[in-house]
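The values are calculated or read from the model by the stated rules, or taken from the named source; none is laboratory data. The structure presented is a predicted model; accordingly, all values stated were derived computationally and were not measured. Cβ placement follows ideal geometry from the backbone for every residue including glycine, while neighbour counts extend to all protein chains displayed.
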């Protein structure tokens, strides 16, 4: 018995030791159990850290001072209004954290997020990597005994971080169904204006043989490139700035909690994170919504494919001056079509899963549907444009193409404010988690 | 008793009795040894025909003493129900206690029977020594026995082996014969009850005019009883009237409600059966149920009322917060108790203005379990403070939507349907809850309270700044006088002074209680004795309203902390208990747990030595005494446990159907064989728990040593030491006293009976020493009913121990 307990004690100390050594070198010894002192010292390898030094050193171990918290009722209301309406039901049983397969072992979510949100602790939540480490499996929601829907609350908080790191008034408008028409008006007006300025409302240009040539309708150099480049750059800048602020907030919280600044930083950890992400391993850890991994993967690769296609088309047109439309056998066309097909299959799967999962985890919020709908319309109009062009039915082809452009623009403009921004924040959170060793073992 | 005894012995041969026993031999015991006038064996004695035979014998043959040797006295009570005022009925439990606890009857082939017996034993003790495969026939026999329903076993099943001529186990037969002997002896020594029937007063006095008292008064009055409702304050209503809001009392239990006590006050004031005395106090309560003389002092005048029963609804007081300085109370202006918070809300009509500057509070912290669940203060949970804090948190948030209430708890406890209230309050965005330990409470320069909280579920040690802090202090029963600071260091049973009394029998040390409310003119003190923390009760689970003074029923927060709704229900319950007491008393009957018993203790004063043991040991303060110490009975206070009978060294206290001599003669009736292989052990079994435990053991066919002889006690408190010396010198190997748990978590139906027996056993050492016998030959065990399965093991162990001691040297003398 005695042997066993000693062994156990050492095991615990051993598990703690590297962490203590990593995060707070001076206090490593003072926090250690005196009974296992020698083992501790050799393991942590802090030569100069004698007990005396530790005593005079900065706050370590038990002496961590209490943090002043400022509960904010308004923030609680905001989370409730952002979709976390069952937030207050949580009674902290932690079933959610146990149910979650992708939570770090040491700082599990979403229990603590539920509590922080109930207390309106905005700083803790917006600067927490865990908000975005959550992949919306909703295993927690399915198992919550009080139906507090932790998954939904996490999403509501995520939505609020998007607002927090972008321009919150726009983000709030994007997140509300009431302002959809107003929001949609901007891309519609821009595209209509572009068509109008080119005079293509009355005089729709045709290519040789009277074929439909979209680049004649919307000039690539004078219309498409300027408009889309401007909004793409704006979106990219906003997203990068948002991601940066998020990173800094996380870092600040991490350090104030006694963590050490990561050695390699964002870029040093980006590549392994991306490669991990490409396989969507985390999605596959979900129990309730495991099938979502494939649908998300398809949509994700579809977007990657379409992005490549766009770059490739630029290469064709600007560098080797090949004019569109490109023939069907051209690799660019093959890639584009495959991507579009993958996208439409993926997003349809998303749609189906939304309904099949609804019983346990709900139908999702407007925020979800905004993105699903936008992607759907984007892909359908894209494929429609191509097919209608091939069918040479100009009367449908041009309006559908116009709608496609509007949708793409819509997505570009609102990417930093909508769920689309998740691509940046989740990636930043994943990189941060890797950099700080937060969720070692999860991947 | 003028009428001669005419004894009828009826032996049932069903339910396995006929199969396991030689009933003809039993017949002979009754006929030859005891000359019973009528002895009959009948199958299925509990049938109409069976009981009709008994009735015919009563009517035609003049049988007045009936011995039913059949099943447990706890079953078929409706069938063997003969007027106790005219006939003595004694039940000999051959079925559960003898046949079913012994090996199944050997059937035709002894070899197989042996196997079956082993199998039985194996099952009973769940032991590894369980028999190997048994023959098909034996197994079937076992199953048949197992499945035999307790009440209505098919006659064929049991009679079949009887016809074949049962091969009877010798030990089982001897056990049955001894039990029959003891039953006949007991019946012979009993007389029919002569109930004491007097004209009694049925007025119910309700003390305390809060929700509990109002409820008791209204319920009793509506049931047709005269009620006197006395309140010490100038008006009725109690705490419920002082609250800003009350907890919900009806579905969906989600919103607090305005106090509606006024309507009940009005109903009580205008009820023609209720007399309300406000500003009143009780100077003296003398007498007994049905005949209390209560002197009431109100507005300067005293009057004496005749009262039947009393409901004690004197409620609670808040724990003295001055002892909570470590939580900032008294040090910081903005630290208040939950009771004070209620006043603040009432004064502000819902808005919460903090005491220091009258500013409307935008953040209020609540500290749960303040001075509670704390060995230094109230060691218990008051069960309402979590609800109260939730209720008050809503005062804060509802009067100001921007305001927040922080509740720091050990555990949220919202019993029963109040869970709905918790859920509803929790849904409010401004109500913030965390588990945690407050490690420091300080004040900043503007009077805000700073709490440092550790071990929170927020995941770290935090500090919150609040405009004010509310301490959720607990409830103290009003049976504890105001001058007593804590409840943990109370002397046992009473608040009062120790007094030592010299008697012929030594010094009696007892607490002389301080008068608080009742001012009882009882020998044992002016108030109700209490258990832990001052709560008066006589058995928390089984008899919630009964106190240790018959006729006085405690209800509401006086007996444990509860909400106004629970108090209201409690008041109704206590009123019904008071009514029950009066109606039973009117028929000369005891209240629980021997409800309906018409016997009562009678004292033969000529031999009394004024040793005061009976007046001291009575768990219910029944006996008063004169200056010399001679006891004076108060029959209506009595619960007929017989503790006085056991206590009396002169053996002068007895009941018509229960006495020291009777049980001594039962013991003498046991045949003690000379062979050392046949020891005889007496088990005194309490009728409340041990008797049914043995029944259940029998029902489950647990094997019990056949050397035990069971004598049923009303309570082990009736154990008289004279029996032990007598029986041991007659060759009985040992005594096993099987009774209820005593002390803190007692289960004794008479509160102190099993403890009194245990204390007396301490004195038996001396006797045993004189007889040169081992002290452990007399052992008491505490057996909760639910541990019936341990009974065979306990008994076996005791029998083994006696075996180790070797045979009683007095055997054969």
Residues of segment A:77-103 that turn out to be more than 13 Å from chain B (Cβ to nearest Cβ) and surrounded by fewer than 21 Cβ atoms within 10 Å (Cβ to Cβ), as a count: 4
Residue B:518 passes all but one of (1) more than 14 Å from chain A (Cβ to nearest Cβ); (2) over 22 Å from the mean Cα position of the chain (by Cα); (3) at pLDDT below 90; which number fails? (3)
So which of A:397, A:415, A:435 is within 21 Å of residue A:299 (Cα to Cα) and crowded, with 19+ Cβ neighbours inside 10 Å? A:415
Segment B:432-448 - residue that is more than 8 Å from chain A (Cβ to nearest Cβ) and over 21 Å from residue B:372 (Cα atoms) and, of those, surrounded by the most Cβ atoms within 10 Å (Cβ to Cβ): B:448
Do the conditions hold for residue B:414, that is, is it farther than 30 Å from residue B:251 by Cα, within 13 Å of chain A (Cβ to nearest Cβ) and either modelled with pLDDT of 95 or more or surrounded by fewer than 23 Cβ atoms within 10 Å (Cβ to Cβ) (or both)? no
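Condition first: more than 14 Å from chain A (Cβ to nearest Cβ), at pLDDT 95 or above, crowded, with 22+ Cβ neighbours inside 10 Å and touching a strand residue (DSSP E or B) at 6+ places or on another chain (Cβ under 9 Å). Can you find one or more residues in segment B:394-404 that meet it?
We begin by selecting, within segment B:394-404, every residue more than 14 Å from chain A (Cβ to nearest Cβ); these are B:395.
If we keep only those that are at pLDDT 95 or above too, we end up with B:395.
Checking the rest, the ones that are also crowded, with 22+ Cβ neighbours inside 10 Å come to B:395.
Going one step further and asking which of them are touching a strand residue (DSSP E or B) at 6+ places or on another chain (Cβ under 9 Å), we end up with B:395.
Yes: one or more hits.
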Tally of residues being under 26 Å from the mean Cα position of the chain (by Cα), free of Cβ contacts under 8 Å to residues at least 60 places away in the same chain and either in a loop (DSSP other than H, G, I, E, B) or not assigned by TED's automatic domain parsing to the domain that holds residue B:801 (or both) across segment B:749-780: 0
I'm trying to understand the selection: among the residues of segment B:630-658, which are touching a helix residue (DSSP H, G or I) at 6+ places or on another chain (Cβ under 8 Å) and crowded, with 24+ Cβ neighbours inside 10 Å? B:631, B:636, B:641, B:642, B:643, B:644, B:645, B:646, B:647, B:648, B:653
Test: residue A:306 is within 22 Å of residue A:216 (Cα to Cα) and surrounded by 17 or more Cβ atoms within 10 Å (Cβ to Cβ): yes
Filter the helices (runs of 4 or more DSSP H) completely within segment B:164-267 down to those with at least 1 residues that are closer than 26 Å to residue B:576 by Cβ. B:211-222, B:238-242
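Evaluate the following for residue B:588: is it without any contact (Cβ under 8 Å) to a residue 24 or more places away in the chain, in a loop (DSSP other than H, G, I, E, B) and farther than 20 Å from residue B:499 by Cβ? Give the steps one after another, and end with the answer.
Numbers: without any contact (Cβ under 8 Å) to a residue 24 or more places away in the chain: no; in a loop (DSSP other than H, G, I, E, B): yes; farther than 20 Å from residue B:499 by Cβ: yes.
Considered against the rule, which asks whether it is without any contact (Cβ under 8 Å) to a residue 24 or more places away in the chain, in a loop (DSSP other than H, G, I, E, B) and farther than 20 Å from residue B:499 by Cβ, residue B:588 comes out as no.
List the helices (runs of 4 or more DSSP H) that sit entirely inside segment A:49-154 and contain at least 2 residues that are at pLDDT 90 or above and either more than 19 Å from residue A:249 (Cα to Cα) or out of contact with any helix residue (DSSP H, G or I) (no Cβ under 6 Å at 6 or more places or on another chain) (or both). Step through it out loud before you land on a result.
Working: elements: A:51-56, A:73-81, A:95-99, A:111-118, A:122-126, A:130-133, A:139-143.
In segment A:49-154, the matching helices (runs of 4 or more DSSP H) lie at A:73-81, A:95-99, A:111-118, A:139-143.
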For residue B:380, all conditions in the list (1) surrounded by fewer than 24 Cβ atoms within 10 Å (Cβ to Cβ); (2) under 19 Å from residue B:240 (Cα atoms); (3) touching a helix residue (DSSP H, G or I) at 6+ places or on another chain (Cβ under 8 Å) hold save one; what is the number of the exception? (2)
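Just checking: which of the helices (runs of 4 or more DSSP H) contained wholly in segment B:610-690 hold 3 or more residues that are in contact with a strand residue (DSSP E or B) (Cβ under 7 Å, 6 or more places away or on another chain) and closer than 28 Å to residue B:73 by Cα? Give the steps one after another, and end with the answer.
Working: elements: B:613-617, B:643-647, B:660-669.
In segment B:610-690, the matching helices (runs of 4 or more DSSP H) lie at B:660-669.
Going through A:334, A:338 one at a time, which residue ends up being part of a helix (DSSP H, G or I), surrounded by fewer than 16 Cβ atoms within 10 Å (Cβ to Cβ) and more than 26 Å from the chain's Cα centre (by Cα)? Before the answer, list the steps.
Details: A:338 fails: more than 26 Å from the chain's Cα centre (by Cα).
Only one candidate qualifies: A:334.
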For residues that are loosely packed, with under 14 Cβ neighbours inside 10 Å, within 30 Å of residue A:142 (Cα to Cα) and touching a helix residue (DSSP H, G or I) at 6+ places or on another chain (Cβ under 7 Å), tally how many sit in segment A:249-300. 1
Under the condition of being touching a residue at least 24 places away in the same chain (Cβ under 8 Å) and assigned to a helix (DSSP H, G or I), which residue from segment A:353-370 is farthest from residue A:139 (Cα to Cα)? A:370
Among residues of segment B:565-588 being over 14 Å from residue B:204 (Cα atoms) and crowded, with 24+ Cβ neighbours inside 10 Å, the residue farthest from the chain's Cα centre (by Cα) is B:568
Considering only segment A:193-209, state which residues are in contact (Cβ under 8 Å) with a residue 40 or more places away in the chain and not in a loop (DSSP other than H, G, I, E, B). A:195
Specify the residue that is nearest to the other protein chains (Cβ to nearest Cβ); the eligible residues are those in segment B:417-431 that are within 23 Å of residue B:373 (Cβ to Cβ) and touching a strand residue (DSSP E or B) at 6+ places or on another chain (Cβ under 9 Å). B:426
Among the residues of segment B:472-493, is there at least one that is touching a residue at least 12 places away in the same chain (Cβ under 8 Å), touching a strand residue (DSSP E or B) at 6+ places or on another chain (Cβ under 9 Å) and within 14 Å of chain A (Cβ to nearest Cβ)? no
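Of everything in segment B:451-466 that's out of contact with any helix residue (DSSP H, G or I) (no Cβ under 7 Å at 6 or more places or on another chain) and not in a strand (DSSP E or B), which residue is nearest to the other protein chains (Cβ to nearest Cβ)?
Within segment B:451-466, the first condition is being out of contact with any helix residue (DSSP H, G or I) (no Cβ under 7 Å at 6 or more places or on another chain), and the residues that meet it are B:451-456, B:460-466.
Restricting the remaining residues to those that are not in a strand (DSSP E or B) gives B:455-456, B:460-461.
On the way: B:455: 11, B:456: 8, B:460: 6, B:461: 4 Å.
Out of the qualifying residues, it is B:461.
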